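Here's the structure, in structure tokens; my notes come after.
The values are calculated or read from the model by the stated rules, or taken from the named source; none is laboratory data. Being a predicted model, the structure only gives us computed values, none of them experimental. Because the Cβ atoms are built from the backbone with ideal geometry, glycine has one as well, and the counts that use them run over all protein chains shown. For the accessible areas, the whole protein counts, side chains as well, though only heavy atoms, and no ligand, DNA or RNA atoms are used. Shrake-Rupley method; radii C 1.70, N 1.55, O 1.52, S 1.80 Å.
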Amino acid sequence: MSTPAYALFLPLHPKSPELGTFLQAGRALAVEEPDTLQWFALKYKAADTYAIFDTFPTTSARVAHTSGKIPEALMARADELITQPPDLAGAEATVLASKVQAFGSLKCGLYVKIKDTGEDLKQFLINALPLVEAEGFTPVWYAIQFPGYFAIVDFFADEEGKGAHLKGKVAEALMARGHDLEIEELEVLASK
């Protein structure tokens with residue numbers, strides 16, 4: 001399997017709860033895209049927001065995805081499903097480090113936005129990978145860089161695994177660094 005190098009984290013604001021069903025059905029289209037390495041349909045637990053998170057080996061694969069069947073199907077139904085057009089440019093990120101183990105059913109996740117652009121934080125995130133690899137309860141973890149901030153996106157089989165991760169060494173070190181964090185808990189609706 002290729003290593004994820006690029007990503008999209010695309011929040012979607014629903015006009016209708018049918019957006020969740022639409023995203024779940026999108027998995028069948030994602031499976032048809034060999035260069036979409038991982039694909040997740042998500043719902044924020046604390047907000048009326050959905051999201052798609054996916055990863056790619058190259059920028060050309062990301063471009064192919066953003067002009068493919070899933071965005072085409074979403075835009076065809078945009079007036080009924082979402083309140084505003086997706087911000088694709090703002091969703092583009094570079095994957096700094098990742099752990100992607102074979103996974104079965106993932107139920108929950110976290111999106112941690114870190115409001116910092118410093119090189120020291122970038123190195124911290126890259127160097128955190130061995131700590132996350134040692135966590136048996138964290139099968140999928142990404143450190144990503146957007147223009148203007150960093151983020152961590154990770155997924156778990158259950159709430160217990162997520163809780164253990166939040167008490168782990170990476171979370172402890174990140175909190176000790178004193179960064180301004182925005183943490184969103186996620187429900188995984190579908191994944192590839």
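The table below lists the values:
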item	result
Residue satisfying all of: in the range 143-185; among the acidic types (Asp, Glu) and in a loop (DSSP other than H, G, I, E, B); nearest to residue 106 (Cα to Cα) among these	158
Residue, surrounded by the fewest Cβ atoms within 10 Å (Cβ to Cβ), within the range 24-39, restricted to residues that are of a type in the set (A, V, I, L, M, F, W, C) and touching a helix residue (DSSP H, G or I) at 6+ places or on another chain (Cβ under 9 Å)	25
Tally, over the range 98-136, of residues that are open to solvent by 50 Å² or more (accessible area, probe 1.4 Å) and either without any contact (Cβ under 8 Å) to a residue 60 or more places away in the chain or of a type in the set (Gly, Ala, Ser) (or both)	16
Subset of the range 93-122 [over 19 Å from residue 146 (Cβ atoms), among the hydrophobic types (A, V, I, L, M, F, W, C) and in contact with a helix residue (DSSP H, G or I) (Cβ under 7 Å, 6 or more places away or on another chain)]	108
When residues of the range 61-94 are limited to those that are of a type in the set (Lys, Arg) and part of a helix (DSSP H, G or I), the one farthest from residue 13 (Cα to Cα)	62
Candidate set from the range 9-19 (those that are open to solvent by less than 10 Å² (accessible area, probe 1.4 Å) and of a type outside the set (Phe, Trp, Tyr)); member that is nearest to residue 95 (Cα to Cα)	12
Criterion violated by residue 170 - all others in (1) closer than 26 Å to residue 23 by Cα; (2) modelled with pLDDT under 95 satisfied	(1)
Filtered residues of the range 4-24 (kept if over 21 Å from residue 147 (Cα atoms) and touching a residue at least 40 places away in the same chain (Cβ under 8 Å))	13, 14, 15, 16, 18, 19, 20, 22, 23, 24
Tabulated pairs, the range 67-78, first farther than 21 Å from residue 56 by Cα, second basic (Lys, Arg) and surrounded by 16 or more Cβ atoms within 10 Å (Cβ to Cβ), C-beta under 8 angstrom, 6+ apart or interchain	none
Residue in the range 1-16 that is over 22 Å from residue 188 (Cβ atoms) and among the hydrophobic types (A, V, I, L, M, F, W, C) present	yes
The listed residue being aromatic (Phe, Trp, Tyr) and open to solvent by 30 Å² or more (accessible area, probe 1.4 Å), out of 50, 6	6
Subset of the range 137-168 that is open to solvent by less than 50 Å² (accessible area, probe 1.4 Å) and of a type in the set (D, E, K, R) - its residue that is farthest from the chain's Cα centre (by Cα)	162
Residue selected from the range 95-124 under the condition in a loop (DSSP other than H, G, I, E, B) and touching a His at 6+ places or on another chain (Cβ under 8 Å), by the criterion farthest from residue 183 (Cα to Cα)	116
